[in-house]
């Protein structure tokens, strides 16, 4: 890591859009090259939470849903939002139950990441949930979800083939696979 001084200078900022989940601010700036410019920043009001589900056989569970911004169907690990100030693990437990019905006794944090740091401040935390008890899923009104059980190796293959493109899911599956490879 480097301790470089911030080369950007902010002249002004104006809120362009705001809703319950995000806001968009447009900044008038002086760029690192010393020229005037504008920069848009999307601020996420929640921390992104992801959960890799691993059962006693090493299988995982992906959640499928139609993603409005992409106009495409997407397979992902269970994910959701954690309001600022809320414990990340508490939010992960809620999302797991909400999207899959599972309750897990064992939790391991494996990843923290900035999701798209060129345009947003979205931050994600990912856990692995194990020692599972099945229950009834409780999806939100905005979610029409399908849950699919598969060998973890198949989920990894889907990442490698580009069938899974969600950045949190891709990073989480690759990280968990690398962690397991170190154990073997």
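Every read-out reported here was derived from the displayed coordinates using simple, explicitly stated rules and does not represent laboratory data. The model shown is predicted, which means the values in this text are computed figures rather than measured ones. Cβ coordinates were reconstructed from backbone atoms using ideal geometry, including for glycine residues, and neighbour counts include every protein chain displayed.
Rg to Rh ratio, the chain, alpha-carbon atoms and Kirkwood radius?
Ratio of gyration radius to Kirkwood radius: 1.03.
Which distance in nm do the two modelled labels at residue 161 and residue 98 give, with both placed 7 Å along the Cα-to-Cβ direction?
Result for the modelled spin labels: 3.0 nm.
Relative contact order for region 1-59: what percent, with Cα pairs under 8 Å and sequence separation of 6 or more?
Result for region 1-59 is 26 percent.
Top mean-square fluctuation among 99, 136, 76, Gaussian network model of the chain, C-alpha springs under 10 Å?
Checking each option, the largest mean-square fluctuation is seen for 136.
Evaluate the relative contact order of the chain (contact order divided by residue number), counting alpha-carbon pairs under 8 angstrom at least 6 apart; express in whole percent.
Across the chain, relative contact order equals 21 percent.
Among 44, 68, which comes first, second and so on when ranked by fewest other beta-carbon atoms within 10 Å?
By the 10 Å Cβ count, ascending, the order reads 68, 44.
Mind putting together the pair-distance distribution for region 45-102? All Cα pairs, 5 Å bins, whole percent per bin, short to long.
Per 5 Å bin, starting at zero, the Cα-Cα P(r) for region 45-102 comes out as 4, 18, 24, 23, 18, 10, 3, 0 percent.
If each DSSP helix of 4+ residues adds -39,500 (n - 2.57) and the sum is divided by the residues in the chain, what number results at 222 nm, nearest 500 deg cm²/dmol?
After summing the helix terms and dividing by residue count, I get -7000 deg cm²/dmol.
Residue separation times 0.36 nm, minus the C-alpha to C-alpha distance between residue 147 and residue 21: what's the value?
42.9 nm
Over region 28-121, what is the mean sequence separation of C-alpha contacts under 8 Å (at least six apart), divided by residue count, expressed as relative contact order in percent?
Contact order relative to length: 27 percent.
Once the piece of chain linking residue 177 and residue 154 is laid out straight, how much longer is it, given 0.36 nm per residue of separation minus the C-alpha distance between them?
That pair, residue 177 and residue 154, stretches by 7.1 nm at full extension.
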